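First the structure, in the form of C-alpha cells, and then the observations on it.
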Amino acid sequence: MNQQSIQSLKGIGEKSAALFGKLGVETIEDLLHYYPRTYDACEEPVPLGQVREGAVAAVSGQLLKTASVRRFKNMQVIVTTVKDMTGSLQLTWYNMPYLRTTLQMGKILVFRGRVVKKHNRLTMEQPEIFTPEAYQAVMYSMQPVYSQTKGLGNKAIVRAVEQAMEQRQMEREYLPEYLRQKYELAEYNYALEHIHFPADQKELLFSRKRLVFDEFLFFLLAVRRLKEQRQDCKSRFLMKRAQETDRLLNDLPYELTAAQKKVLEEVRRDLAGGLVMNRLVQGDVGSGKTIIAVLALLETACNGFQGAMMAPTEVLAKQHYESITRLFQEYGIEKQVVLVTGSMTAKEKRAAYEKIASHEADIIVGTHALIQEKVHYHKLALVITDEQHRFGVGQREALGAKGEEDEGAQPHVLVMSATPIPRTLAIILYGDLDISIIDQMPADRLPVRNCVVDTGYRDKAYQFIAREVAAGRQAYVICPMVEESELIEAENVLDYTKLLRQKLPEAVTVEYLHGKMKGKEKNRIMERFAANEIQVLVSTTVVEVGVNVPNATVMMIENAERFGLAQLHQLRGRVGRGAHQSYCIMVNCSDQDGTQERLDILNRSNDGFYIASEDLKLRGPGDIFGIRQSGDLEFKLADIFTDANMLKTVSEEVDAMLASDPGLERPEHEALRHRMAAYLSKSYEKLNL
C-alpha cells in the first residue's frame, strides 16, 4: 500500500494538500481509493429545440454572430447565439474575453454545459467548446466526477488521480484464484484503474463488482472475527434485577409499547444470564430505543458497575447526557453521569477521567473519545453504541476491549440502529450480534404527513415554511451537495441558503450546515437550531444523525430522487418528534421513468422496515450511482440495498472459507490473510489508538 504523502505528486503543495485533507485524502493510497461519486458521459448533441432547463447537454450549430463582450459590474460577459434547424440558444461565458477569437460568426461548433433560464429565456452558461471532430473523439466516454471542496475542482482531482495511477506500483493479487474464476471478478489493479477511468458502462460495472466484493469480504471477515471472540463468552458482570429500574419504569409518564417491553425483557435477561450480551436493537426513528438504553445503563449502575454510551456526534452525545441527567434528577435517582467529548478542554477531560477511573461516575456518555487511551474505566460492564452503522468494526472492538483493562472481563455490548435494514441483511451485517426489533411506534406520535412534488411547487413550499415559522415552528431544508458543481445537476447548500434568505421574511434566520465544516462550528449551529435561534436550517445529510429538535415540523428535501429511500426515511425522522403535526416535502427534480414510483413508497408509508424492503425490490443495476445510502458501515462503493445479492453471496463464501481454513493459513489464502491484517490495522488507525 502506498502511504506516500499526496504532496509527492507534481503540482500539489501545502495549500492543495490541505484541501485534499478536507476530503479525507492524505496519501497516494487514500487518493487511489477516493472513488468517483458519478460519471459524466458525453452524449450525442441534442437539437436546440429540445434543450430543457436544468439539463447538462451538448448542442451543435452555427454561430449567428461573432461573440460580443459586455461589462457588468466587475465582470466581462461574453455572449453569442448558436442556431440549428430546430431553434437557437444564447451562450454566455464570464471573464473569458479571449474566446472572441474562437467564437467567430458562421463557425460550426459543439457546446456542452448546463442550460439555465435567465430573464425568461434559456441560456447555456460557461459551456465547453469543441470542434465537431474533437467532440466525436470524446463522445460516449465516461469522465469521472468526484466529490469536491471549495478551491479544489474536479479537474484538479482528475489530474492528481491520473498521476497517482501512473506512479503506483502494481499490487499483488490477494483474492484466491478460485473465487475470481467462480464469480468472474476483475484483477485488482485493473479494477482500481477502471473504476476511475472506465471506457464504458460495461468496464465500469466489471470493475465495481470486484471492488464491492472486496469491501463485503473484508467487512464480513472482520465481523466473523468479532463473533469468534464473543461467542459463548462467560460474563463476570452478572446483574440482578434492580428495584430502581422497575421503579423508574413504573413512574414514567407513559407506558412502553409492547415491542419496547419485549426488547427490554430480552436485554435484562441477557444481563442476568451468565454470558456476555452482544445485542443489536433495531428500531425506526422515534420508536423509543433510547429509553431502553437508559434503563439498561441504570440497571448496570445499580449493580455496582459502570456503563458507557457512545454516540456518533458531539451534539447527540451532549443531548443524551443532558436528557439522562434531567431524567435522573426528576425521579430522584442518585447516579452520577459524566460527558466525554473531543472538544472539551484539557481541564474538563482530566476531571471526567478522574471521575471515571475512581468510579465516582456510574454512567459515561460521549463520542468516540470514550475509546481513547486516556480513558480508564472501573468495572465497565455495559457498552452501548448509538447509531451503530456509523461505527466501524475497529471501533466496535476497541470499546468492548476497554472493559478488559482492569477486570480481564468483556463488558456486555448493546448496539442501537435506526437504519431500517431488512432482517435477512441485518443478520449478515451484524453476524456477531443477537437482533431485537422495536417495530411499534408510541401511540401519542402523530405520523408525518408526506408529499412528493415537482420543482413548480417550490414557491408554495417556501410560503408554507414561512407560515410554520410564524407559528413558532422550525424547518430543515436538505440539499444533496455542499456547493455548485459544473457537472452535477443538484441543489447545493451554499446557494440555497442565499436563495431562502431572499425568499423568506427578514425576521427568519436561515443558516447552513454541512459535513466539511469544523466540528465546533457544526455543534454551534446545531445548538443554535435546537434553541430556536435559527428557524430554517439548510443542510446536507449530515443532520440524518443529529440533535433532537421537537419544535422542527417541516422537512423539505431537494433532489429527493438522488437519495435512497431508507435515507430519505431517516431524514424524515428528524421531524415529527414533538406535539405538533409535522410535514415532509420531497422535491422530485427528475422526469426519469420510475422515479415517482420510488418516491411514492414514502408517500404511502411511515414504516422504515417496509420502505427498506420495497427499496430493495426496486433497485436495479442502473441505480448504482446517485442514490447510494450515505454513511453506511465502512463501505465506499458497496450499497447494502443495490448489492444485497452480492452481500448474501459473499457471506456464504466467508462461511465456507472459514469452515475449511479458520486461520486463512492455506497457501491460496496467504495473501488475503496479509491484506486482512492491513484492513484491520487501518480500521484501528482511524481511532488514533
Of residues in region 1-48 being among the acidic types (Asp, Glu) and in a helix (DSSP H, G or I), the one farthest from residue 211 (Cα to Cα): 14
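Conditions tested, residue by residue: (1) assigned to a helix (DSSP H, G or I); (2) crowded, with 18+ Cβ neighbours inside 10 Å; (3) not assigned by TED's automatic domain parsing to the domain that holds residue 298.
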residue	(1), (2), (3)
212	yes, yes, yes
217	yes, yes, yes
227	yes, no, yes
240	no, no, no
249	yes, no, no
Residue 222 small (Gly, Ala, Ser) and not in a helix (DSSP H, G or I): no
Subset of region 502-512 (residues that are more than 21 Å from residue 527 (Cβ to Cβ) and in contact with a strand residue (DSSP E or B) (Cβ under 8 Å, 6 or more places away or on another chain)): 504
From the options 315, 340, residue that is modelled with pLDDT of 90 or more and not assigned by TED's automatic domain parsing to the domain that holds residue 524: 340
Total residues in region 325-364, condition assigned to a helix (DSSP H, G or I) and farther than 18 Å from residue 376 by Cα: 6
Residue that is surrounded by the fewest Cβ atoms within 10 Å (Cβ to Cβ), among those in region 20-46 that are within 15 Å of residue 196 (Cβ to Cβ), out of contact with any Phe, Trp or Tyr (no Cβ under 8 Å at 6 or more places or on another chain) and among the hydrophobic types (A, V, I, L, M, F, W, C): 32
Hits in region 545-560 - residues which are at pLDDT 85 or above and either assigned to a helix (DSSP H, G or I) or surrounded by 21 or more Cβ atoms within 10 Å (Cβ to Cβ) (or both): 549, 552, 553, 554, 555, 556, 557, 558, 559, 560
Some residue of region 197-206 being of a type outside the set (Ser, Thr, Tyr), over 22 Å from residue 654 (Cβ atoms) and over 28 Å from the mean Cα position of the chain (by Cα): yes
Sole residue being under 28 Å from residue 427 (Cα atoms) and touching a helix residue (DSSP H, G or I) at 6+ places or on another chain (Cβ under 6 Å), chosen from 183, 178, 174, 146: 174
Some residue of region 511-525 being touching a residue at least 40 places away in the same chain (Cβ under 8 Å), hydrophobic (A, V, I, L, M, F, W, C) and not assigned by TED's automatic domain parsing to the domain that holds residue 54: no
Every residue from region 24-48 that is aliphatic (A, V, I, L, M), farther than 25 Å from residue 113 by Cβ and in contact (Cβ under 8 Å) with a residue 60 or more places away in the chain: 28, 31, 32
Residue check, residue 570 in contact (Cβ under 8 Å) with a residue 60 or more places away in the chain, surrounded by 24 or more Cβ atoms within 10 Å (Cβ to Cβ) and either within 22 Å of residue 290 (Cβ to Cβ) or among the charged types (D, E, K, R) (or both): yes
Residue among 259, 296, 308, 301 that is part of a helix (DSSP H, G or I), touching a helix residue (DSSP H, G or I) at 6+ places or on another chain (Cβ under 8 Å) and in contact (Cβ under 8 Å) with a residue 60 or more places away in the chain: 296
Residues that are of a type in the set (Phe, Trp, Tyr) and either in contact with a strand residue (DSSP E or B) (Cβ under 6 Å, 6 or more places away or on another chain) or within 20 Å of residue 55 (Cα to Cα) (or both), drawn from region 69-117: 93, 94, 111
Selection count where residues are more than 28 Å from residue 563 (Cα to Cα) and in contact with an Asp or Glu (Cβ under 9 Å, 6 or more places away or on another chain), scope region 7-44: 2
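A quick yes/no check of all residues on (1) at pLDDT below 95; (2) farther than 30 Å from residue 659 by Cβ:
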| residue | (1), (2) |
| --- | --- |
| 209 | no, no |
| 214 | no, no |
| 222 | yes, no |
| 225 | yes, no |
| 229 | yes, no |
| 251 | yes, yes |
| 264 | no, yes |
| 273 | yes, no |
Residues being modelled with pLDDT of 80 or more and closer than 14 Å to residue 419 by Cβ - total across region 611-643: 4
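Matching residues to (1) closer than 30 Å to residue 4 by Cα; (2) touching a Leu at 6+ places or on another chain (Cβ under 7 Å):
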site	(1), (2)
157	yes, no
165	yes, no
170	yes, no
198	yes, yes
208	yes, yes
211	yes, yes
238	no, no
253	no, no
259	no, no
Of the criteria (1) under 25 Å from residue 566 (Cα atoms); (2) in the same structural domain as residue 565 (by TED's automatic domain parsing); (3) among the basic types (Lys, Arg), which one residue 467 fails: (1)
Options 183, 140; residue that is at pLDDT 95 or above, of a type in the set (Ser, Thr, Tyr) and not assigned by TED's automatic domain parsing to the domain that holds residue 494: 183
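The values are calculated or read from the model by the stated rules, or taken from the named source; none is laboratory data. All figures in this text were calculated on a predicted structure; none of them were measured in a lab. Here the Cβ is made from the backbone with ideal geometry for all residues, glycine too, and neighbour counts use every protein chain on show.
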